[in-house]
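Okay, so here's the structure we're looking at.
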Amino acid sequence: MLNIVIFGAPGSGKGTQSQLIIEKYGLHHISTGEILREEIENKTELGLIADEYISQGHLVPDQLVIDMLSNLLDKHQGVKGFLFDGFPRTLAQGEALDVLLREKGSSVAAVLSLTVNEEELTQRLLKRGQDSGRSDDNIETIKERLNVYRSQTEPLKNYYRKNGRLFKVQGEGAVDEIFEGIMETLDHLTF
Ligand code: AP5
Ligand code: MG
């Protein structure tokens, strides 16, 4: 299995680049944000809880997200590999992912870390907020999402850097140029 994590701040282009990556590398895309939004849409028990956190720009509690992910890994056995988008977001999630994959005889091969400056992130999300209908695409919540990213998610970079799995990718510029950088990184890796 080839498992990749696409990592970056809110608005860094994780979802956009994921579409291109799964097409080229044949991976199964798991966006925890998208799945949680579906749960909200369907008014499930998990959705009702998640809604409170997401609309405030806060993270949904680790155990809920880890259990959800564990179920998804079991559901999609036999795929070529996974592309994790928006997961892991805390050290506890990173460690849990390693354990879950190890149980399947696999691991995270690479973490692609998209770098984009905060001004650009805010502008992209505000622009999307004009028609996305996402409860978290407004200026107050965007600021909180960026705070949460800096305090809870960014420290995970060290976790992956320590064992040589972190790869920085330029996240500013045109979508296809950014994807070129991703392909260059992935194609130079031997899995
Ligand atoms: P999630 O859905 O993961 O959102 P996010 O991380 O805040 O990031 P976005 O999806 O907004 O941005 P993106 O990086 O995917 O960029 P995109 O390609 O869309 O999470 C939402 C919430 O769910 C969290 O806050 C949390 O509450 C909860 N949650 C999710 N996962 C969780 C977890 N593991 N644990 C706990 N809670 C969790 O691009 C953004 C915009 O920019 C788009 O409009 C796009 O068209 C545009 N754009 C993309 N690339 C470019 C470019 N190169 N140039 C110009 N514009 C561009
Ligand atoms: Mg996204």
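The values are calculated or read from the model by the stated rules, or taken from the named source; none is laboratory data. All figures in this text were calculated on a predicted structure; none of them were measured in a lab. For neighbour counting, all protein chains shown are included, and Cβ atoms are generated from backbone atoms with ideal geometry for every residue, glycine included.
Does residue 167 satisfy the criteria of being under 20 Å from residue 24 (Cβ atoms), modelled with pLDDT of 95 or more, within 13 Å of ligand 1 (Cβ to nearest atom) and aromatic (Phe, Trp, Tyr)?
Numbers: under 20 Å from residue 24 (Cβ atoms): yes; modelled with pLDDT of 95 or more: yes; within 13 Å of ligand 1 (Cβ to nearest atom): no; aromatic (Phe, Trp, Tyr): yes.
Spelling it out, it is not the case that residue 167 is under 20 Å from residue 24 (Cβ atoms), modelled with pLDDT of 95 or more, within 13 Å of ligand 1 (Cβ to nearest atom) and aromatic (Phe, Trp, Tyr).
Only one of these is loosely packed, with under 13 Cβ neighbours inside 10 Å, assigned to a helix (DSSP H, G or I) and either within 12 Å of ligand 1 (Cβ to nearest atom) or under 17 Å from the mean Cα position of the chain (by Cα) (or both): 119, 177. Name it. Break it down into steps so the answer makes sense when it comes.
Values: 119 fails: either within 12 Å of ligand 1 (Cβ to nearest atom) or under 17 Å from the mean Cα position of the chain (by Cα) (or both).
The unique qualifying residue is 177.
Give the number of residues within the range 27-55 that are among the small types (Gly, Ala, Ser), outside any helix (DSSP H, G or I) and closer than 16 Å to residue 69 by Cβ. Walk me through how you get there before you give the answer.
So in the range 27-55, the residues among the small types (Gly, Ala, Ser) come out as 31, 33, 47, 50, 55.
Checking the rest, the ones that are also outside any helix (DSSP H, G or I) come to 31, 55.
From the residues that got through so far, the ones that are closer than 16 Å to residue 69 by Cβ too are 31.
Residues meeting the conditions: 1.
Is at least one residue of the range 60-67 within 15 Å of ligand 2 (Cβ to nearest atom), crowded, with 17+ Cβ neighbours inside 10 Å, at pLDDT 95 or above and within 20 Å of residue 108 (Cβ to Cβ)?
Our first condition is that a residue be within 15 Å of ligand 2 (Cβ to nearest atom); within the range 60-67, this holds for 60, 65.
With crowded, with 17+ Cβ neighbours inside 10 Å added as a condition, the list becomes 60, 65.
If we keep only those that are at pLDDT 95 or above too, we end up with 60, 65.
Then drop every residue that is not within 20 Å of residue 108 (Cβ to Cβ), which leaves 65.
Scanning the range 60-67, I find at least one residue that is within 15 Å of ligand 2 (Cβ to nearest atom), crowded, with 17+ Cβ neighbours inside 10 Å, at pLDDT 95 or above and within 20 Å of residue 108 (Cβ to Cβ), so the answer is yes.
With respect to the numbered conditions (1) surrounded by fewer than 18 Cβ atoms within 10 Å (Cβ to Cβ); (2) within 16 Å of ligand 2 (Cβ to nearest atom); (3) in contact (Cβ under 8 Å) with a residue 12 or more places away in the chain, which one is the sole condition not fulfilled by residue 38?
(3)
Could you run through the range 20-58 and say how many residues are within 11 Å of ligand 1 (Cβ to nearest atom) and of a type in the set (Ser, Thr, Tyr)?
Result for the range 20-58: 4.
Would you confirm whether any residue within the range 148-157 is modelled with pLDDT under 95 and loosely packed, with under 15 Cβ neighbours inside 10 Å?
No, every residue in the range 148-157 fails to be modelled with pLDDT under 95 and loosely packed, with under 15 Cβ neighbours inside 10 Å.
Within the range 170-191, track down each residue that is at pLDDT 95 or above and among the acidic types (Asp, Glu).
172, 176, 177, 180, 184 - these are the residues of the range 170-191 that are at pLDDT 95 or above and among the acidic types (Asp, Glu).
Go through (1) more than 16 Å from ligand 2 (Cβ to nearest atom); (2) in contact (Cβ under 8 Å) with a residue 24 or more places away in the chain; (3) hydroxyl-bearing (Ser, Thr, Tyr) for residue 31 and report which single condition fails.
(1)
Per-residue answers, yes or no, for (1) among the basic types (Lys, Arg); (2) free of Cβ contacts under 8 Å to residues at least 24 places away in the same chain; (3) closer than 21 Å to residue 62 by Cβ:
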site	(1), (2), (3)
94	no, no, yes
101	no, no, yes
120	no, no, no
164	no, yes, no
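Could we say that residue 87 is in contact with a His (Cβ under 6 Å, 6 or more places away or on another chain) and not acidic (Asp, Glu) here? First the steps, then the outcome.
Values: in contact with a His (Cβ under 6 Å, 6 or more places away or on another chain): no; not acidic (Asp, Glu): yes.
When the stated conditions are applied, residue 87 does not pass them.
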